[in-house]
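Inspection log for the structure reproduced underneath, given as structure tokens.
The values are calculated or read from the model by the stated rules, or taken from the named source; none is laboratory data. Worth saying up front: this structure is predicted, and the values here are computed from it rather than measured. For neighbour counting, all protein chains shown are included, and Cβ atoms are generated from backbone atoms with ideal geometry for every residue, glycine included. Note: areas computed on protein heavy atoms with side chains; ligands, DNA, RNA excluded. Shrake-Rupley method; radii C 1.70, N 1.55, O 1.52, S 1.80 Å.
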Amino acid sequence: MTTSNQKDQPNLLHLPTKPKYSKRTFATETLRLINLRLGYYRKVLNNQSIKNEKRIKSIKAKYERDMKVRKLLNKAIKNLYN
């Protein structure tokens with residue numbers, strides 16, 4: 001009878017543990033996407049066969065913008081966890 005009694009009652013010797021603290025924020029997912037885009041932009045900009053100046057100029061602008069955003073997000077993450 002004591003064994004069935006123990007199964008019905010919760011184990012009071014061990015308190016429920018908190019889940020591990022995760023450092024994932026909106027910034028980590030955004031950084032992952034930005035890094036993927038930056039890799040694509042580098043690949044396109046290093047490709048010498050592209051003759052369309054308008055496209056090159058557009059991609060350079062996007063690349064520079066994403067570099068600024070990446071720098072700001074990295075700075076925010078460092079400040080958040082220090």
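Accessible area per residue was computed with a 1.4 Å probe on protein heavy atoms; ARG32 scores about 120 Å².
When TYR40, TYR63 are compared by accessible area of protein heavy atoms, the largest-first order is TYR40, TYR63, using a 1.4 Å probe.
Across segment 24-81, how many lysine pairs separated by 8 or more positions, or lying on different chains, have Cα atoms within less than 15 Å? Walk me through the numbers on the way to the answer.
Values: LYS43/LYS51; LYS43/LYS57; LYS43/LYS60; LYS43/LYS62; LYS51/LYS60; LYS54/LYS62; LYS60/LYS68; LYS62/LYS71.
Count of close lysine pairs: 8.
Electrostatic bookkeeping for SER58 treats Lys and Arg as +1 and Asp and Glu as -1; over the other residues with beta carbon under 12 Å from its beta carbon, the sum is +4. The largest accessible area among VAL69, VAL44 belongs to the first residue in VAL69, VAL44, and the rest follow in falling order (1.4 Å probe, all chains).
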